[in-house]
Amino acid sequence: MSNIFDTGANTMSSLSYQQKSLYAALVVNVAVFLPYFVYIHTPHVTVNGIAATITVLVVAQAIFQAILAAITRNRLKDERDNLIRLRGYRAGYLTILGFMIVGMAALWIHTTLGQINPNHMAVHFLSVFFAVIMLAELVKTISQLLAYRRSL
């Protein structure tokens, strides 16, 4: 467990392509998700704002991954990489499942209590759905990074 956070001998240059890709994805996701979480708490959430966030996320990920692929020579995967990837996706799926049930229940309760205007339900659903996907992506990426750190 102590080698998970040990950064002494492991610099960014000694990381595999998959690890560098995960770190780049984590940086982009956090840089886009934090302002989005602030944005969804404003009273003027629109579908255009959500679509703009998704667009920024896709473009930023594409740019970061293209740069990383261009400067990394060894992009080989082995069985360990596939196992770590599958474990990360399992963690992300369970996160989506759990938070989607909680999010839909919260929307139902708030609507039943009259705290959400039924005319704006689609925007609220979209906000909850996108937030759940973002949280699941963060859980997936972090669990994969931790699995790489444990296997060193």
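The values are calculated or read from the model by the stated rules, or taken from the named source; none is laboratory data. Computed from a prediction, not measured in an experiment: that's the story for all the values here. Cβ coordinates were reconstructed from backbone atoms using ideal geometry, including for glycine residues, and neighbour counts include every protein chain displayed.
Tabulated values for the structure
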| item | result |
| --- | --- |
| Which numbered condition G88 misses (of (1) surrounded by fewer than 17 Cβ atoms within 10 Å (Cβ to Cβ); (2) closer than 30 Å to Y17 by Cα; (3) at pLDDT 90 or above; (4) not hydroxyl-bearing (S, T, Y)) | (1) |
| Selection count where residues are among the basic types (K, R) and in contact (Cβ under 8 Å) with a residue 60 or more places away in the chain, scope segment 120-149 | 1 |
| So T95, is it assigned to a helix (DSSP H, G or I), touching a His at 6+ places or on another chain (Cβ under 9 Å) and polar (S, T, N, Q) | no |
| Condition check for L138: modelled with pLDDT of 90 or more, of a type in the set (A, V, I, L, M), surrounded by 18 or more Cβ atoms within 10 Å (Cβ to Cβ) and at negative phi | no |
| Residue under evaluation F5, criteria (1) modelled with pLDDT of 90 or more; (2) of a type in the set (A, V, I, L, M, F, W, C); (3) not in a helix (DSSP H, G or I), criterion not met | (1) |
| Hits in segment 61-77 (condition: among the hydrophobic types (A, V, I, L, M, F, W, C) and at pLDDT below 85) | L76 |
| Residue selected from segment 33-74 under the condition touching a residue at least 12 places away in the same chain (Cβ under 8 Å) and not in a helix (DSSP H, G or I), by the criterion farthest from I133 (Cα to Cα) | N74 |
| Pairs where the first residue, in segment 92-108, is closer than 24 Å to N119 by Cβ and the second is buried (at least 19 other Cβ atoms within 10 Å of the Cβ) and among the hydrophobic types (A, V, I, L, M, F, W, C), C-beta under 7 Å, 6+ apart | M100/V132; G103/V132 |
| Unique residue being assigned to a helix (DSSP H, G or I), of a type in the set (A, V, I, L, M, F, W, C), exposed (fewer than 15 other Cβ atoms within 10 Å of the Cβ) and within 15 Å of the chain's Cα centre (by Cα) when the list is V30, V102 | V30 |
